[in-house]
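Undergrad: Okay, here's the structure, questions in a sec.
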Amino acid sequence: QFDTRAIQHLDSAHYLHPFTDFKDLRGRGARVIVRGEGIYIWDSEGNKILDAMSGLWCVNAGYGRTRIADAVYRQMQTLPFYNSFFNTTNVPAVQLATRLSQLAPPGFERVFFTGSGSEANDTNLRIVRRYWDLMGYTGRHVVISRHNAYHGSTVAAASLGGMAGMHAQGGLPIPGIEHIVQPNWYESGQGLSEEEFGLQAAQALETKIREIGADKVAAFIAEPIQGAGGVIIPPSTYWPEIQRICRKYDILLIADEVISGFGRLGAWFGSTALGIEPDLITFAKGVTSGYVPMGGVLVGQRVGEVLVEQGGEFAHGFTYSGHPVACAAALENLAIMEEEKLPAQVANDTGPYLKERFAQLQDHPLVGYANSFGFVAGLNLVQAKGRTPHDNRSFAPARQVGMTCRAHMFNNGVVMRAVGDRMIVAPPLIMTKADIDEMLARIRQSLDDTLAELQK
Ligand code: PLP
């Protein structure tokens, strides 16, 4: 047992939280989360909260899976750690690499393990540059990404990302990384159909490649659906056009599937769900359902062959690459997801239901635009609705209506994330239709409460 106030006091005195204004926690204190089971978490005051964000988009198989805990315990007793540097390996890492190559799209035979998604994207940067060096094109080092992308928080990953707030601190991005527009029809597609806008947004890649010179561009990196940028679901024309441009200029394509991997979009990998054919795939989060940190890069045939046959030693790796305990957790988590057919359930049953129910929120006076794909969804809070989504009137950003709404969500026992005034969810994949109904009821009540507060 512990005293919540005492924990909050120690928390604000000693613990520097990620992505948090430290001063905000003074006096008020952070919410202390103490337990999770299924789709729910509990705080130290006994409040039961429906976690519609799966933690940070990661608890795909839900909380309280004792099978994963048991697998971790067994592995810790047998071999808690050994590295895979210098010609040693361990059994769970080999089994997981094999399993991932079976679940991945065709041609992904090899995997490089890391401890997180950020490290995996750093690894990608090194792999694509090394690939072109080995191919004899030593000047081909530029990687193109997108505004508002999130690829992690290491210096390289934050540079690959396109978050203005991150770039504003510490002189990012590092040289050799360029950014193009995000395919956000709601924000930028005024006067265009979604399909027209999708083509136009993708063609920004071609313009950028021409500007830099194709002989200098190593790769394009993107999330199949932008997550932290606000669940930006691209128009159907976007990815085919990106793919065409990458092929035309022989640019490697990196799909950052840290969020979209492991069932979230209704397939083991989001690339499959969206018809993308990448050369490299970043993964993390859902691979262990977040129970133990782990990430990695799935390396497709084109790059893999060159790295293995011509590369010699790849001078790169992490102490925790292929950590046996993380791999054991991942294997058990993937076994659960497979037995319960979670990706197919999202594709055929609960995903379509979420889409239908979520779109109904558009009848609420505060909701200007709501959409979803698989088990990610988002809605825009607006001051007034117009005839088309582009005629909606937004709130002044300084009012922070999203944060107000998020607080009401917590009061009504549901976690939703605010990205400006776009409210987003990424629920655990185990959600049933009844759970979706409960989530939507709590969201609707919170929207009513937000509206009532704004009208005060
Ligand atoms: N890539 C994407 C698309 C992400 O959403 C994230 C984290 O949210 C990362 C990379 C970074 O992963 P990690 O926090 O495990 O370093």
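Undergrad: Give me the lysines in straight-line cross-link reach of K216: C-alpha distance below 25 Å, same-chain residues under 8 apart excluded.
TA: Once the sequence-local lysines are set aside, what remains near K216 is K208, K248.
Undergrad: Among bridges DSSP assigns within region 67-339, what percent are antiparallel (round to 5)? Each step should come with its number before you reach the end.
TA: Details: 10 of 24 bridges.
Within region 67-339, antiparallel bridges account for around 40 percent of the total.
Undergrad: Net charge around F410, counting only other residues with Cβ within less than 14 Å of its Cβ (Lys, Arg = +1; Asp, Glu = -1)?
TA: Once all neighbours under 14 Å are counted, the net charge is +1.
Undergrad: A further question follows. When we measure straight from the Cα of K433, which lysines land under 17 angstrom away, once same-chain ones fewer than 8 places off are left out?
TA: Correct list for K433: K341, K355.
Undergrad: Using 7 Å Cα-to-Cβ label points, what is the K355/L16 separation (nm, one decimal)?
TA: Simple spin-label model gives 4.4 nm for this pair.
Undergrad: Here is a further query. Which percent, nearest 5, of DSSP beta bridges in the chain are antiparallel? If you can, show how the numbers build up before the last one.
TA: Details: 32 of 48 bridges.
Of all bridge pairs located within the chain, approximately 65 percent are antiparallel.
Undergrad: OK, next. For the chain, how big is the tail of P(r) above 36 Å, as a whole percent of Cα pairs?
TA: I get 28 percent for the Cα pairs in the chain exceeding 36 Å.
Undergrad: Do the sum for the chain: with -39,500 (n - 2.57) for every DSSP H run of n ≥ 4, divided by all residues, what is the mean residue ellipticity at 222 nm, to the nearest 500 deg cm²/dmol? Please list the in-between numbers first.
TA: On the way: 18 runs with 186 residues, N = 456.
Using -39500 (n - 2.57) per qualifying helix, the result is -12000 deg cm²/dmol.
Undergrad: Here is a follow-up. Which of the aspartates and glutamates could a cross-linker bridge to K456, judged by Cα under 13 Å and excluding same-chain residues fewer than eight apart?
TA: D448
Undergrad: Please state the Cα pair-distance histogram of region 359-456 with 5 angstrom bins from zero: what percent is in each bin?
TA: Computed distribution, short to long bins: 2, 14, 25, 28, 18, 9, 4, 1.
Undergrad: A follow-up question, please. Among K23, K208, what is the fewest-to-most ranking by other Cβ atoms within 10 Å? Kindly include the intermediate steps, with their values, before the conclusion.
TA: Working: K23 9, K208 18.
Fewest-to-most Cβ neighbours within 10 Å comes out as K23, K208.
Undergrad: Subtracting the Cα-Cα distance from 0.36 nm times the residue separation, let me have the gained length for Q169 to R244 in nm, one decimal. Provide the component values of the computation, followed by the final result.
TA: Numbers: separation 75, 0.36 × 75 = 27.00 nm, distance 3.50 nm.
Residue separation times 0.36 nm, minus the Cα-Cα distance, leaves 23.5 nm.
FYI, it's all coordinate maths here, none of it is from the lab. None of these values were measured; they are calculated from a predicted model. Don't worry about glycine lacking a Cβ; one is built from the backbone with ideal geometry, like all the others, and counts go over all protein chains shown.
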